[in-house]
1. For a quick check: sort 44, 254, 230 by the number of other beta carbons within 10 angstrom, fewest at the front.
2. Past 21 Å, Cα to Cα, is the threshold; run 115/228; 115/246; 155/243; 161/205 against it and keep the listed order.
3. Any chance you could run the full-extension gain for residue 80 through residue 229? It's 0.36 nm times the residue separation minus the Cα-Cα distance, nm to one decimal.
4. Could you tell me which residue out of 248, 202, 233 lies farthest along the dipole of the range 186-262 toward its positive end? Charges go on the beta carbon: Lys and Arg +1, Asp and Glu -1, centred on the Cα centre.
5. Taking square-rooted eigenvalues a ≥ b ≥ c of the alpha carbon gyration tensor, is the range 172-267 rounded, prolate or oblate, where a/c under 1.5 means rounded and, failing that, a/b exceeding b/c means prolate?
6. What full-extension length gain, to one decimal in nm, is calculated for residue 19 and residue 88 as 0.36 nm per residue of separation minus the Cα-Cα distance?
7. Taking the Cα centre of the range 108-254 as origin and charging only Cβ (+1 Lys, Arg; -1 Asp, Glu), how large is the dipole, in debye to the nearest 20?
Amino acid sequence: MEIKRENLITTLGGEEAVARMDSEAKADALEDFLSTELDKILLSTDPFPTVAEVEAKIPTRHYRMGAGNLFVATAPGAKVKVLPPMPEKPTLYDFFALRFAPTNHVLQSAALAMKNGMSEEIILACLLHDTAQALLKADHGYWAAQLYEPYVPEKTAFAIKYHQALRFFADPAYGYEYPDLYRRLFGEDYVPLPHIRADYEMLKKHPWYEAPRLVTVNDFYSFDPKAKISIDPFREIIGRHFKQPKEGLGNDNSPVAHMWRTIAHPDMAL
Ligand SMILES: [Fe+2]
Ligand SMILES: [Fe+2]
């Protein structure tokens, strides 16, 4: 894997800052830079693997690829970190800052959706679409839609849920191509699971097809460690469309309150 030296040095605060770091600090910084398996895969220039090659890698890992980001440290030898405590009545902002981070990808996607003039329902869907990957990456669109359903407009939850299925299917009318990332993650001869294919068939005839499709079009992933986008430009949209429970997410006795609590307290042994 190639790492652009200048990107790494800029991320660490420049040549001078790097010169002052001891080797442990440098190792920590490198680990943060390559914080996710996804970043490493995106940087790869190897030929695309086959499904059989993807499967052969499973027993080489100490974790499963579908595990939520909060629950595993994927870098070799890395350990999970002590998490900052959550406030008594956590809001969506607290989860963004304390549990979903790094949130660059969803913030960049929402910023792109805003720039492209998407509706507020779609901008909100883009902002939330991958955040459930903190909890679980496998079937993350479905988990996320369930997590947000009680709090967001129906179309936003629909868009979040089905963006995952539509990511597997190109749509030239929207300029959406099958992503190379998926060829790397799943294998170049991969066939999506039956529920994904069935949902795609359903969506093609659905009047709301465009909602999840627009999430895939604005699903922006670039390996840009310098990009730091704030949640501030989205505060008005969140204020208008996200029903923040006064007791705090996880304390509101909603059907998904336990999911918020699990994200808040991922170190609970039982
Ligand atoms: Fe996604
Ligand atoms: Fe995404």
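1. Numbers: 44 14, 254 18, 230 9.
In order of increasing Cβ crowding within 10 Å: 230, 44, 254.
2. On the way: 115/228 16 Å; 115/246 32 Å; 155/243 15 Å; 161/205 16 Å.
Beyond 21 Å between Cα atoms: 115/246.
3. On the way: separation 149, 0.36 × 149 = 53.64 nm, distance 2.46 nm.
So the extension gain works out to 51.2 nm.
4. Checked the options; the winner is 248.
5. Numbers: a/c = 1.66, a/b = 1.50, b/c = 1.11.
Taking the square roots of the gyration eigenvalues as a ≥ b ≥ c, the range 172-267 is prolate.
6. Working: separation 69, 0.36 × 69 = 24.84 nm, distance 4.11 nm.
Using 0.36 nm per residue and subtracting the Cα-Cα distance, I get 20.7 nm.
7. Values: 17 positive and 20 negative charges, 32 e Å.
Computed about the Cα centre, the dipole is about 160 debye.
Laboratory data are not the source of any read-out in this text; all were calculated from the coordinates shown. In this text the structure is predicted, and so the values were computed from the model without any measurement. FYI the Cβ positions are ideal-geometry reconstructions off the backbone, even for glycines, and counts take in every protein chain you see.
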